[in-house]
1. Return only the number of the condition from (1) crowded, with 16+ Cβ neighbours inside 10 Å; (2) of a type in the set (D, E, K, R); (3) at pLDDT below 95 that K96 does not satisfy.
2. I'm trying to understand the selection: among the residues of the stretch 66-91, which are open to solvent by 80 Å² or more (accessible area, probe 1.4 Å) and among the acidic types (D, E)?
3. Going through the stretch 29-41 one residue at a time, which ones are under 19 Å from R103 (Cα atoms) and out of contact with any strand residue (DSSP E or B) (no Cβ under 8 Å at 6 or more places or on another chain)?
4. Looking at the stretch 8-48, which of its residues are assigned to a loop (DSSP other than H, G, I, E, B), open to solvent by 30 Å² or more (accessible area, probe 1.4 Å) and among the hydrophobic types (A, V, I, L, M, F, W, C)?
5. Does at least one position in the stretch 49-65 carry a residue that is among the β-branched types (V, I, T) and open to solvent by 40 Å² or more (accessible area, probe 1.4 Å)?
Amino acid sequence: MDTALKVGDLMTRNFTHVPPETSLQDCAKIMIKNKVGSLVITENKKLRGILTEKDIVWAVSKSPAKDFSEIKVQDIMTKKVTTIKPGADITQAIKKFKTKKVRRLPVVEKNKLIGLITTTDILRMD
């Protein structure tokens with residue numbers, strides 16, 4: 001069942017992103033400052049990965065004695081990211097959230113990252 005709503009209608013265009021060489025410590029600070037639960041990792045406007053709060057907790061638990069300013073996001077980010085196109089119907093996004101067990105989908109058009117849609121974006125629909 002398709003709706004009249006497209007991913008491009010609800011996606012966030014001003015998403016928070018960082019380059020792959022950003023330190024884990026800086027990523028945590030950026031996430032706190034911007035009040036976000038994830039960062040999209042980009043290089044030359046292309047999607048390279050995604051970092052979530054869960055990834056940071058996992059990294060900290062595996063390396064409790066490390067200096068987190070030395071760990072780069074490219075070392076712990078999720079590299080195989082499920083994406084969606086802006087013209088996709090919202091029901092397709094919901095299906096991807098369920099089947100892939102993710103809460104965030106980068107929106108890609110012509111190999112360029114143009115937005116991010118989250119489960120929260122969909123819940124805010126009027």
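1. (3)
2. Of everything in the stretch 66-91, those that are open to solvent by 80 Å² or more (accessible area, probe 1.4 Å) and among the acidic types (D, E) turn out to be E70, D75.
3. If the condition is that a residue be under 19 Å from R103 (Cα atoms) and out of contact with any strand residue (DSSP E or B) (no Cβ under 8 Å at 6 or more places or on another chain), then I32, N34, K35, V36 are the ones that fit.
4. Of everything in the stretch 8-48, those that are assigned to a loop (DSSP other than H, G, I, E, B), open to solvent by 30 Å² or more (accessible area, probe 1.4 Å) and among the hydrophobic types (A, V, I, L, M, F, W, C) turn out to be F15, V36.
5. yes
The values are calculated or read from the model by the stated rules, or taken from the named source; none is laboratory data. These numbers were taken from a predicted model, which means no experiment stands behind them. Counting neighbours? That spans all protein chains shown, and the Cβs are built from the backbone with ideal geometry, glycine included. To get the accessible areas, we keep the full protein, side chains included, count just its heavy atoms, and leave off ligands, DNA and RNA. Shrake-Rupley method; radii C 1.70, N 1.55, O 1.52, S 1.80 Å.
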